[in-house]
Amino acid sequence: MSVEEGTANHGRLLGAVRGPQDVKRMTAEQLDILAAEIRDFLIAKVSRTGGHVGPNLGVVELTLAMHRVFDSPRDRLLFDTGHQAYVHKILTGRQDGFDKLRQRGGLSGYPSQAESEHDLIENSHASTALSYADGLAKAYALRGEQRSVVAVVGDGALTGGMCWEALNNIATAGNPLVIVVNDNGRSYSPTIGGLADHLSSLRLNPGYEKVLDTVKDALGSTPLVGKPMYEVLHAVKKGIKDAVAPQAMFEDLGIKYVGPVDGHDIAAVESSLRAAKNFGGPVIVHAVTRKGYGYRPAEEDEADCLHGPSAFDAETGKLLAAPSVKWTQVFADELVAIADERPDVVGITAAMAEPTGIATLARKHPERVYDVGIAEQHAATSAAGLAMGGLHPVVAVYATFLNRAFDQVLLDVAMHKLPVTFVLDRAGITGPDGPSHYGIWDMSVFGVVPGLRIAAPRDSASLREELREAVAVDDGPTIVRFPTGTVAADLPAVRRIGSVDVLAESARTDVLLVAVGSFGQLGMEVAARLAEQGYGVTVVDPRWVRPVPAELVELAAGHRLVVTVEDGVRVGGVGDALAQSMRDADVRVPLRDLGVPAGWHPHGTRAQILSDLGLTAQDVARNVIGWISGLDAEPVEPVRLPASEASPN
Ligand SMILES: Cc1ncc(C[n+]2csc(CCOP(=O)(O)OP(=O)(O)O)c2C)c(N)n1
Ligand SMILES: CC(=O)[C@@H](O)[C@H](O)COP(=O)(O)O
Ligand SMILES: [Mg+2]
């Protein structure tokens, strides 16, 4: 495409970029223009679709430099968490896809192998890229392939334990590997912990910068000619660093350190990357960037630098969606009320205080909230320690992120019967973030943990009630899980049997419909549709879904058909567990379980994906009518006894 044609699309230079080779030829002046055009493009497109505008504005120059120094896809560029790969997608031929970013059938918000040969890691969970990179570099070394491996990892992701496991192995292996630390000082909020302090000591030490500039000027005319010269240059810098900046941490690991470099200075980043590329061993390039760089509404956004907003006004950065009562806020407000009454209740967040609502508690009781960084495993076991110390921790994470702490929940918490409450926001199908963000595993995966109880509230009132019940449990862990978005209108029960809420019942007991969590409303709509066909449906909300309440088995025995519907995987879900309890009690009523098939479901809106999965009132009702009418039509077969038990006559 010519520059002129490109102009018609996205900007004079950007419109002409169809692949990385187009940026390799550009002059410094053109690159500055291109960076500005990319920023304009990101703001224009992501303001309409929503997405990770802040993180991507911070990596424009960094990504340009990476694609100029390395030859993707032969050289592999890995993005930790992957939410900051939009610029990479823009430079690898996918500009046209941004009108449908994170929409069904459109561009994924994360790298996607189906989209491009330039993409590799699709997993949106943080702190994994260095482990992938370690393995990839070992594979290339063993196969004798001369290919660079470059991993971009944020300062937030670097607080995840896997990164340190990987760094330990990377240092030992000694394979050529470039680790770009994208240090903008923030996860959502400012990054916490000793590592963050260390990184800031590196990037903020004026003495080091001044001395370094002097050395660089002196050596500036000396072209880097591979390892020998690099060693000289590096030895000098290392000596200086040790003198003015205590940055031995990385180098004592056996990994060379280059930086800190201004991550918005393309030439400086390129120079560091070329040095790292030619070094012949593992190198960390410490790039200092600013989240939301070049867009004032993002730069000035105190909460999270417009980390991942929904659609927003490009001029002001203000969200376009009207505020609605979110599940998260209901949880946050009730947690504060509980904490006001219970001094033993404390909150833990894994670098997501605002998104999980824990920040509300922190504003009221700052001394009782712990941000552990992106470290869910540590969150779980440090919660166990807090509980051992006489407190009741409430660990608030997105459901999908607790997956990585299964062992910690199972053994460190549950086996010790410790009173820890895990509040899982974004449980079930979420939508725009796609398969690795779907919180669909918890009721199955954690449902097998002995002594752990799982609550799935259906509305605000039940969330408040079940959260209180959870923090009142003192002989084991609890989970309270709820979906993303606007909380459903309160759905009152007609009565309660044990811990089970009956939402609707009829004179006929054709169907027991077990509607898990926020599917309570769906259950009511299904019952109405079946009533039109003359069938009677008892709709129940189990409230505490694992272990399965015994009352459900008793209720099942009084119906012709049991149907369960849950916003979680079917395998090992509530339906499976209820079927097992019914078998154990010899209750031989047919049961059909509806839920999410275990699999990698595409991104879209929550409603679209649930519809694609048949989890709508219309689809469920149609299924139930088919099943119940099938029972009507079934001849009553005599129970066939095995021959040996048949009566002699
Ligand atoms: C295991 C895990 N926990 C939490 C998250 C949610 N999350 C997405 S991005 C992000 C912050 C990442 O910070 P950083 O690595 O510094 O990248 P930046 O956004 O600053 O570019 C978090 C906590 C996640 N993706 N994975
Ligand atoms: C990349 C990441 O894990 C988060 O930024 C996530 O995209 C946030 O999801 P919500 O928009 O549901 O808070
Ligand atoms: Mg960061």
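The values are calculated or read from the model by the stated rules, or taken from the named source; none is laboratory data. All figures in this text were calculated on a predicted structure; none of them were measured in a lab. We place every Cβ from the backbone using ideal geometry, glycine too, and count neighbours over all the protein chains shown. Ligands, DNA and RNA are excluded from the accessible area calculation, which covers all protein heavy atoms including side chains. Shrake-Rupley method; radii C 1.70, N 1.55, O 1.52, S 1.80 Å.
Taking the Cα centre of the chain as origin, sum charge times position over the Cβ atoms of Lys and Arg (+1) and Asp and Glu (-1), and report the length of that vector in debye to the nearest 20. The dipole magnitude comes to about 1020 debye.
With only Cα atoms counted, the chain has Rg and Dmax values of 28.0, 109 Å.
Is the stretch 495-630 rounded, prolate or oblate when judged by the Cα gyration tensor, a ≥ b ≥ c being the square roots of its eigenvalues, rounded requiring a/c under 1.5 and prolate requiring a/b larger than b/c? Verdict is oblate for the stretch 495-630.
In the stretch 522-542, whose amide N lies under 18 Å from the spot 7 Å out along Cα-to-Cβ of residue 508? List them in ranges. Residues 524-540 qualify, since their backbone N sits under 18 Å from the label point. Taking the DSSP beta bridges in the chain as the whole, what percent of them are antiparallel, to the nearest 5? Of all bridge pairs located within the chain, approximately 20 percent are antiparallel. Pull out a ≥ b ≥ c, the square roots of the eigenvalues of the alpha-carbon gyration tensor of the stretch 327-481, then state rounded if a/c is under 1.5, prolate if not and a/b is larger than b/c, and oblate in the remaining case. Verdict is rounded for the stretch 327-481. If you line up the long axis of helix 28-49 against the longest principal axis of the chain, both from Cα atoms, how many degrees apart are they, to the nearest 10? The angle comes out at about 10 degrees. Each residue of the stretch 89-100 was assigned a 3J(HN,Hα) from its phi angle through the Karplus curve 6.51 cos²θ - 1.76 cosθ + 1.60 (θ = phi - 60°); the sequence is 5, 4, 7, 10, x, 10, 4, 5, x, 6, 5, 10 Hz, with glycine and proline shown as x. Solvent-accessible area per residue in the stretch 295-343 equals 54 Å², computed with a 1.4 angstrom probe and all protein chains kept. Does anyone have the angle between helix 376-388 and the longest principal axis of the chain? Alpha-carbon axes, 0 to 90°, nearest 10? The angle comes out at about 60 degrees. Fully extending the segment from residue 571 to residue 249, taken as 0.36 nm per residue of separation minus the present Cα-Cα distance, adds 111.4 nm. Using C-alpha pairs below 8 Å separated by at least 6 residues, the relative contact order for the stretch 495-630 is 25 percent.
Just add up the charged neighbours of residue 574: K/R +1, D/E -1, any other residue whose Cβ is under 12 Å from the Cβ of residue 574. Charge balance near residue 574 sits at -2.
In a reduced charge model with +1 at each Lys and Arg Cβ and -1 at each Asp and Glu Cβ, the stretch 1-160 shows a dipole moment near 260 debye about its Cα centre.
Taking the C-alpha atoms only, the angle from helix 194-203 to the longest principal axis of the chain is near 30 degrees. Based on the Cβ-Cβ distance from residue 197 to residue 267, what FRET efficiency comes out when R0 is 30 Å, to the nearest 0.05? Result of the calculation: an efficiency of 0.55. With contacts taken as Cα pairs under 8 Å at a separation of at least 6 residues, the chain carries a relative contact order of 10 percent. If a spin label sat at a point 7 angstrom from the Cα of residue 147 along the line to its beta carbon, the backbone N atoms of the stretch 54-75 nearer than 14 Å would be those of 71-75. Dipole of the chain computed with +1 at Lys/Arg Cβ and -1 at Asp/Glu Cβ about the Cα centre; of 471, 267, 123, farthest Cα towards the positive end is 267.
For the pair residue 25 and residue 554, label points projected 7 Å from Cα toward Cβ lie 7.9 nm apart. Restriction of the trypsin sites (Lys or Arg not before Pro) in the stretch 13-104 to DSSP coil positions whose beta-carbon has at most 16 other beta-carbons within 10 angstrom yields 18, 25, 74, 104. Each stretch of four or more DSSP H residues adds -39500 (n - 2.57); spread over every residue of the chain, this sum gives -12000 deg cm²/dmol at 222 nm. Heavy-atom surface analysis with a 1.4 Å probe gives the stretch 495-630 a carbon and sulfur content of 50 percent of its accessible area.
Let a ≥ b ≥ c be the square roots of the eigenvalues of the Cα gyration tensor of the stretch 101-213; is it rounded (a/c under 1.5), or, if not, prolate (a/b larger than b/c) or oblate? Oblate, because a/c is 1.5 or more while a/b does not exceed b/c. Summing Cβ point charges (Lys, Arg +1; Asp, Glu -1) relative to the Cα centre of the stretch 327-481 gives a dipole of roughly 120 debye. Considering only alpha-carbon pairs that sit under 8 angstrom and 6 or more positions apart, the relative contact order computed for the stretch 297-378 is 21 percent.
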